[in-house]
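This report refers to the structure that appears directly beneath it.
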Amino acid sequence: LVELHNFVPTSSTAQKVANWGHLNRKVLSKLNLRVPEEMIQQLVQSRPGMAEQLLQLLRDKIEERQRQRPRKGGAGQVRG
């Protein structure tokens, strides 16, 4: 989902915010996830615990998406 050539390597706060905006629009939107602007600001400022919060949000969305997909004869599937 991520095409790295679309992101600018930087230490600039403004460019980091721009990279996050691009990630929100082009990648995370495909998972029906949007990182709020306030969280982006805190991530860019390296606030302790924010990366973990983001990863938890991402994990929750991925698990939700997996639950919504019908399984195809996998182990543990109950048949009636």
Stokes-Einstein D in µm²/s, Kirkwood radius over Cα pairs - the range 13-54 at 20 °C with 1.002 mPa s viscosity: 206 µm²/s
Quick one: what does P(r) look like for the chain with 10 Å bins over all Cα pairs, in whole %? 16, 40, 25, 12, 7, 1
State, as an integer percentage, the relative contact order of the range 1-54 based on alpha-carbon contacts under 8 Å between residues 6 or more apart. 30 percent
Order by protection proxy (mean Cβ within 10 Å, highest first), peptides 42-54, 14-26, 58-70: 14-26, 42-54, 58-70
If you line up the long axis of helix 13-26 against the longest principal axis of the chain, both from Cα atoms, how many degrees apart are they, to the nearest 10? 30 degrees
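Using a probe radius of 1.4 Å on heavy atoms only, what accessible surface per residue do you get for the chain? Whole Å² is fine.
I get 79 Å² per residue for the chain.
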Angle between the Cα long axis of helix 50-68 and the longest principal axis of the chain, 0 to 90 degrees, nearest 10? 30 degrees
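The values are calculated or read from the model by the stated rules, or taken from the named source; none is laboratory data. These numbers were taken from a predicted model, which means no experiment stands behind them. Cβ atoms come from the backbone with ideal geometry, glycine included; neighbour counts cover every protein chain shown. These area figures cover heavy atoms from the full protein model, side chains too; ligands, DNA and RNA do not enter into them. Shrake-Rupley method; radii C 1.70, N 1.55, O 1.52, S 1.80 Å.
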